[in-house]
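No value in this document is a laboratory result; all are computed from the given coordinates. On a predicted model such as this, the values are computed, not experimentally measured, just so you know. Virtual Cβ from ideal backbone geometry, glycine too; neighbours counted across all protein chains shown.
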Amino acid sequence: MTKVTLVIASLLVLALVAGAGAQVGLSNTSGTNESSNQTIGSMQNVTGNATDLTNAGSMLAAAFENNASRTNLTTTPSFTAEIGLELVAGNFTSPMMVTSPDDGTGRLFVVDQIGVVKIVDPNGTVFPEPFLDLRGNLADLSPTYDERGLLSIAFHPDYRTNGKVYAFYSAPLRPEAPEGWSCTNHISEFQVDPGNPNTVNMTSEKVLMYIDKPYQNHNGGQLAFSPADGYLYISLGDGGKANDVGNGHTPGIGNAQDLTKIYGKILRIDVDSTSTGGMPQPTMTTAANQTRNASVNRPENPPEPTWTTFAGSLYGIPTDNPFVGAQPEILDTYAYKTVLPEVYAYGFRNPAYMAFDSGGNNALFIGEAGQNLFEEVDVVLNGGNYGWHIREGTHCFDPNATTAPGKSCNIPGLQGEPLIGPIFEGGHDLGVVVVGGNVYRGTAVTGLQGRYIFGYWSDSRTVGNGTLLVATPPTGWAEGALPQTAASLTPEENAMWDVQTVNITARNNETLGAFLRGFGEDTNQDMYVLTNDVGGPDNSTSTGKLWKIVPPTAVTPAPATATPTVTQTAAGNQTQNMTENQTGTMAAGGGMGAGAILPTSLRSQNTSGNNSAGNIMGVLASTETSIPIEESPAFGNFTLFTGLLQSTWIAATLEGQGPYTVFAPTDAAFDRMDPDLREPILNGSANSTDIVLYHIVNGSYTLAGLGNVSTLRTLQGGNLTVNATSAAVMVNNATVAIPELFADNGVIQGIDTVLLPPGT
């Protein structure tokens with residue numbers, strides 16, 4: 001096949017995006033509980049140009065005020081963002097993407113995270129037998145949430161004649177991988193069965209790359225062939241956990257900024273060749289040439305790379321990849337001495353969603369799952385550095401203060417290259433994680449032409465409530481003008497796209513009423529949306545659905561979503577209706593509702609006698625109870641948690657107006673923790689601020705109020721699951737053991753277990 005090389009950027013080149021990204025790379029989910037003994041240096045120590053990266057003057061900016069993002073959506077004149085969603089097929093488990101080969105059959109191929117690809121014919125009939133079945137090849141998946149699995153496929157541009165299809169999936173950890181890691185991702189080539197066009201020949205697999213992963217999250221996991229150059233693009237997350245630190249991460253700079261690591265990168269390979277274009281030669285800098293000083297620990301003898309690639313035997317390297325032939329100056333910050341020639345762009349956290357514009361200038365769009373505060377969408381340029389973990393979105397990022405970014409940080413990377421800004425930045429007031437989509441090139445809804453359709457996974461981890469968004473490009477984008485250098489996309493100069501909410505016919509509250517799982521388009525450029533009701537790869541359910549974007553007048557209404565009604569009996573026998581995902585706040589002292597009975601064990605134990613005795617900090621510091629909840633001399637005290645609060649800016653917040661509800665772990669709760677986990681938290685070397693914020697929610701929730709909610713959004717950005725029964729009130733895995741210590745600015749619920757954000 002003839003390659004047409006499209007050079008869309010010329011940068012100062014030098015040699016990881018997250019998360020949903022791709023099973024949804026949940027923004028605040030960091031994988032397994034694993035700590036690191038590595039010494040972490042701060043990028044704030046790197047000298048060089050710095051500026052305010054808040055980007056307040058952009059078309060869409062998530063302003064950071066009082067440690068909370070506030071995203072203002074705009075409306076585009078003479079454009080109404082309204083669509084219909086027509087149900088095409090259902091009974092999937094965890095559908096991640098839909099695609100279609102250019103083979104004239106009109107078939108759709110739905111990728112299910114559990115390990116199968118199902119065919120949907122033009123009449124909406126789902127074939128009973130899978131096209132590709134990798135269930136026996138996958139690592140064991142968690143049914144409630146997992147970022148591993150079968151994450152994507154890509155059909156070769158000449159599939160009609162060669163029958164080649166490529167898959168990205170998470171296999172069990174290979175023997176060569178470091179002990180205790182999570183899985184090994186495979187990028188594999190398969191051949192369709194020559195005797196049956198509806199199934200893959202499973203014996204034809206050729207593994208092009210083995211990529212070992214220390215944690216289960218941040219896989220990236222998307223494959224896509226460029227319609228412009230015919231090459232295969234591969235998105236890889238930063239290795240997992242949070243902050244780009246931990247096992248398998250380069251100390252000080254992380255994997256995404258380490259040009260010699262495969263993680264946190266977009267790769268580009270030539271599957272029709274085995275030519276490497278000349279393997280790169282290292283160019284080491286001398287001390288005299290080092291203009292920056294990052295505080296890192298580079299091992300004298302770094303471990304063997306935790307990946308195996310087969311360039312030169314199973315695939316080739318495009319000659320215009322940025323690190324072919326000429327290597328950048330490799331500083332001592334990097335783990336190895338050469339940059340992989342496969343690297344196309346870098347500085348990603350979890351690029352969980354990736355798609356080319358099938359028209360226009362064929363730009364590559366990435367949905368980049370953020371961490372605590374900001375989500376983003378990027379347009380990927382050859383050799384570009386997208387900033388993680390120097391920046392989250394356009395804002396500075398500090399692994400030691402993830403919810404309180406500084407006002408200034410480095411503009412360039414370690415080689416002086418510009419950090420490229422996003423076309424969209426959104427806060428978590430819009431939802432949990434961004435789900436990247438496609439530029440609309442269909443004909444069904446003409447007003448969407450040339451606009452980027454994407455969304456948010458949900459605004460809750462337990463109740464599906466996804467949202468669709470549409471981004472309108474700046475004037476001139478449709479004429480094919482991509483910037484020739486990254487300079488015009490730096491944070492201080494970038495004009496982001498106008499973004500507004502999509503109204504969906506026959507949906508309540510302009511939401512999907514389900515988890516948004518992915519997008520795709522067919523060969524006619526009609527666009528599709530994928531959803532499910534559980535959010536994870538739960539084999540016991542089949543709630544996954546495939547929807548087609550149609551005009552709002554042509555919609556087949558979706559099945560009604562059940563909205564449970566809870567009758568709440570409070571003082572004065574007042575009755576109110578609350579939906580499942582509402583977090584209604586009750587006044588302190590409100591009575592228990594019929595659906596949330598105060599456990600007998602708590603009715604007699606609230607002996608503190610504390611009632612509005614000052615602000616929350618004062619109440620915590622003064623509380624001593626006689627409730628025998630633990631075999632510990634300090635069973636009812638909160639001295640350790642209070643000390644953590646006082647060591648952060650959070651204490652001043654809890655002395656303010658509120659109201660807040662604090663789920664305060666007792667000293668005994670800390671005593672019960674594994675010392676290796678507890679001590680870094682108490683001495684501040686772990687993400688103590690994030691952990692503390694995970695115990696605090698806005699609003700004053702009594703036991704009665706907790707009985708009428710299922711989910712609470714914390715100040716950390718993650719969610720708490722609430723389960724109130726006649727036996728106990730549970731918050732995640734913790735029991736409310738010391739209830740309702742009232743303060744002037746809220747209420748304290750004493751709990752018997754320290755709450756840890758996912759992935760801590």
Query raised in the report: What does the highest-first list of 337-343, 354-360 look like by mean Cβ count within 10 Å?
Result: 337-343, 354-360
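If each residue of separation counts as 0.36 nm, what is the full-extension length gain between Arg672 and Thr274 once their alpha-carbon separation is subtracted?
On the way: separation 398, 0.36 × 398 = 143.28 nm, distance 5.65 nm.
So the extension gain works out to 137.6 nm.
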Report summary line: Looks like the stretch 385-463, by Cα gyration tensor root eigenvalues a ≥ b ≥ c and the a/c under 1.5 rounded cutoff (else prolate when a/b is bigger than b/c, oblate otherwise), is oblate
Requested in this report: Give me Rg over Rh for the stretch 156-211, both radii from the alpha carbons and Rh done the Kirkwood way, two decimal places.
Outcome: 1.10
**Report entry** Net lengthening on full extension, Thr105/Phe310 (0.36 nm per residue, minus Cα-Cα)
**Finding:** 70.5 nm
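What FRET efficiency, computed as 1/(1 + (r/R0)^6) with R0 = 30 Å and r the Cβ-Cβ distance, is obtained for Tyr159 and Gln449, rounded to the nearest 0.05? Kindly include the intermediate steps, with their values, before the conclusion.
Numbers: r = 27 Å, r/R0 = 0.89.
E between Tyr159 and Gln449, to the nearest 0.05, is 0.65.
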Query - Hydrodynamic radius by Kirkwood, which averages 1/r over all alpha carbon pairs of the stretch 86-178, in angstrom - result: 14.3
Report summary line: Placing each pseudo-label 7 Å from Cα in the direction of the beta carbon, Thr639 and Ser358 end up separated by a distance in nanometres of 6.6
Report summary line: Any residue on another chain or 5+ positions along whose placed amide H is under 5 Å from the amide H of Thr753 is listed here as Thr666, Thr735
Report task. Return the subset of Lys407/Lys545; Lys206/Lys337; Lys261/Lys407; Lys261/Lys548 for which the Cα-Cα distance in this structure is over 32 Å, preserving the input order. Result -> Lys407/Lys545; Lys261/Lys548
Requested in this report: Place a label point 7 angstrom from the Cα of Ser542 along the Cα-to-Cβ direction, then list the residues of the stretch 117-135 whose backbone nitrogen is under 14 Å away.
Outcome: 118-119, 125-130
**Report entry** Linear extension gain, Ser726 paired with Thr475, 0.36 nm per residue minus alpha-carbon span
**Finding:** 84.3 nm
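When you count, for each residue, the other Cβ atoms within 10 Å and take the mean per peptide, how do 723-731, 752-760 rank with the highest first? Write out the running numbers ahead of the final one.
Numbers: 723-731: 16.4, 752-760: 21.0.
The densest-packed peptide leads the list: 752-760, 723-731.
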Report task. Go ahead and run the numbers for FRET between Trp649 and Asn196, Cβ-Cβ distance against an R0 of 56 Å, rounding to 0.05. Result -> 0.35
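Calculate, for Asn400 and Ala621, the FRET efficiency according to 1/(1 + (r/R0)^6) with r their C-beta to C-beta distance and R0 25 Å; round to the nearest 0.05. If you can, show how the numbers build up before the last one.
On the way: r = 25 Å, r/R0 = 1.02.
Given R0 = 25 Å and the Cβ-Cβ separation, E is 0.45.
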Report summary line: Quick note, the stretch 179-238: a/c under 1.5 would make it rounded; otherwise a/b > b/c is prolate and the rest oblate (a ≥ b ≥ c, C-alpha gyration tensor); here it is oblate
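Rank-order 533-545, 461-473, 72-84 by packing density, defined as the average count of other C-beta atoms within 10 Å over each peptide's residues, highest first. Don't jump to the answer; show the numbers that get you there.
Working: 533-545: 19.5, 461-473: 22.1, 72-84: 14.8.
Those peptides, ordered most packed to least, come out 461-473, 533-545, 72-84.
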Query raised in the report: Say a paramagnetic label sat at a point 7 Å from the Cα of Arg135, along Cα to Cβ; which residues of the stretch 525-540 have their backbone N under 15 Å from it?
Result: 537-540
